[in-house]
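Novice: Here you go, one structure.
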Amino acid sequence: MFRSRLKAELVKEAQPEPGVYILGVSKWSQHSGDIPGWFTLIYRGGDTLACDTATTNGWRSIAFAEVARVYDVWQDYRAGRRGRSFIAHDLGVQNTTWIIPLLSVTRV
């Protein structure tokens, strides 16, 4: 259910060519709030997202399964009961830099 809601939100975004959806996401965290800068997210269907990286000038592939792990503790993260460290270390999520801001701007 979460995946279908997230995909539905992503396909509402700008579509420069058929089947490609692009979303500009402002950087954000629960602890710091808005952080200067933003990143580009590209969704081409399927169960992965691509996000640009400022440090490597490359693209990071993020599986929906990893996004779902963060989503499962999202309410605890927003309430301050679970921190980013828990998400990264205990859940093993490697892409918190992109997933947390994504969840903060989507309505899933």
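Computed from the coordinates by the stated procedures, all read-outs in this text should not be read as laboratory data. Everything quoted here is computed from the prediction, not taken from an experiment. For neighbour counting, all protein chains shown are included, and Cβ atoms are generated from backbone atoms with ideal geometry for every residue, glycine included.
Novice: Towards the positive end of the charge dipole of the chain, with charges on Cβ (+1 Lys, Arg; -1 Asp, Glu), say which of Ser32, Thr56, Trp98 has the farthest Cα.
Specialist: Result: Ser32.
Novice: Got a sec to turn the phi values of segment 61-74 into Karplus ³J(HN,Hα) couplings, 6.51 cos²θ - 1.76 cosθ + 1.60 with θ = phi - 60°, whole Hz, x for Gly and Pro?
Specialist: Rounded to whole hertz, the list is 8, 10, 7, 4, 4, 5, 4, 5, 4, 6, 4, 4, 10, 4.
Novice: Given a Förster distance of 22 angstrom, what is the FRET efficiency for Ser26 paired with Ala88, based on the Cβ-Cβ distance and rounded to 0.05?
Specialist: It comes to 0.60.
Novice: Mind giving me the nanometre distance, one decimal, between the label points for Ile35 and Ala63, set 7 Å out from Cα along Cα→Cβ?
Specialist: With each label placed 7 Å out from Cα toward Cβ, I get 2.4 nm.
Novice: In addition: List the trypsin sites (Lys or Arg not before Pro) in segment 1-68 that DSSP assigns to loop (not H, G, I, E or B) and whose Cβ has at most 15 other Cβ atoms within 10 Å. Which are they?
Specialist: On the way: sites: Arg3, Arg5, Lys7, Lys12, Lys27, Arg44, Arg60; in loops: Lys12, Arg44.
Taking segment 1-68 and a limit of 15 other Cβ atoms within 10 Å, the loop trypsin sites (Lys or Arg not before Pro) found are Lys12, Arg44.
Novice: From the Cα trace of the chain, what convex hull volume per residue do you get, rounded to a whole Å³?
Specialist: Normalising the Cα hull of the chain by residue number yields 103 Å³.
Novice: Something else about it: Round to the nearest 0.05 the FRET efficiency obtained for Arg81 and Asp47 when R0 = 30 Å and r is the Cβ-Cβ distance. Write down the numbers at each step before the final one.
Specialist: On the way: r = 28 Å, r/R0 = 0.94.
The calculated FRET efficiency here is 0.60.
Novice: Right, next: Modelling each spin label as a point 7 Å along the Cα-to-Cβ direction, I'd like the Gln15/Ala54 distance in nm, to one decimal.
Specialist: About 3.1 nm, to one decimal.
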